[in-house]
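What follows is a short report on a single structure.
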Amino acid sequence: MYVTPDQVIANGKAGVEAAMALATTQFGTLEKLAALNFNATKGAFEDGLNHARALLGARDIQEWVNLNVGAVQPNVEKLIAYSRSLYELATESQAQSTRFVEGQATEWNRNLVGLVDRLAKDAPAGSDVAVAAVKSALAAANTAYDSFAKAAKQTTEIAEANIAAATAAATKPRRAA
């Protein structure tokens, strides 16, 4: 069994296309991140200017204190919203990368199994045990990968639940003691 130049070229093209697809999704994520950061920075700057103007217009110390105290809760809520958006963006990017890696692993595994099958046809008599061992090792590796992927998904779900609980606790109004 020989590898033809056409097969090498096809594999190279598939690899480049896959890398370009991944790069495109990552650039999309970076674009969203840049927009999120720009909008957050612009909003914070505008809020700061408006707050400074309000403080300059305060008639007495009590109004000045009230303006400062009143600015805390909206700023905390904006920070939480920014953090949530950042987390969602990171989660989306991670999911895209995971899908890409899983797709590549599936393709690689399919190619490897095909290669083993082609080699088995040309293998000398009595090599059935070695071929079966290789196929068994591939199956075990796939099972281990599936278990790892399930554990990672469960960990992500737990982290998301904890973040949601922390966000809810942080935004809950506090009672004065």
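The values are calculated or read from the model by the stated rules, or taken from the named source; none is laboratory data. Model, not experiment: these values are computed from the prediction. In this analysis, Cβ positions are derived from the backbone assuming ideal geometry, glycine residues included, and neighbour counts consider all displayed protein chains.
Screening 59, 99, 53 for residues that are outside any helix (DSSP H, G or I) and out of contact with any helix residue (DSSP H, G or I) (no Cβ under 7 Å at 6 or more places or on another chain) leaves exactly one candidate, 59. Within the range 1-23, the residues that satisfy the criterion of being loosely packed, with under 11 Cβ neighbours inside 10 Å and in a helix (DSSP H, G or I) are 5, 6, 7, 8, 9, 12, 13, 16, 17, 20, 23. I'd like to check something: does the range 105-114 contain any residue that is more than 30 Å from residue 4 (Cβ to Cβ) and surrounded by fewer than 14 Cβ atoms within 10 Å (Cβ to Cβ)? No, the conditions are met nowhere in the range 105-114.
In the range 113-125, the residues that are in contact (Cβ under 8 Å) with a residue 12 or more places away in the chain reach residues that are part of a helix (DSSP H, G or I) and charged (D, E, K, R) with C-beta atoms within less than 9 angstrom, at least six apart or across chains, in these pairs: 113/135; 116/135. Does any residue of the range 50-70 turn out to be out of contact with any Lys or Arg (no Cβ under 7 Å at 6 or more places or on another chain) and touching a residue at least 24 places away in the same chain (Cβ under 8 Å)? No: the range 50-70 contains no residue that is out of contact with any Lys or Arg (no Cβ under 7 Å at 6 or more places or on another chain) and touching a residue at least 24 places away in the same chain (Cβ under 8 Å). Counting only residues that are touching a residue at least 12 places away in the same chain (Cβ under 8 Å) and hydrophobic (A, V, I, L, M, F, W, C), the range 71-93 holds 5 of them.
Restricting attention to the range 89-148 and to residues that are farther than 30 Å from residue 26 by Cβ and acidic (Asp, Glu), the residue that is modelled with the lowest pLDDT turns out to be 122.
The residue that is nearest to residue 97 (Cα to Cα), counting only those in the range 24-41 that are of a type in the set (Val, Ile, Thr) and surrounded by 13 or more Cβ atoms within 10 Å (Cβ to Cβ), is 25.
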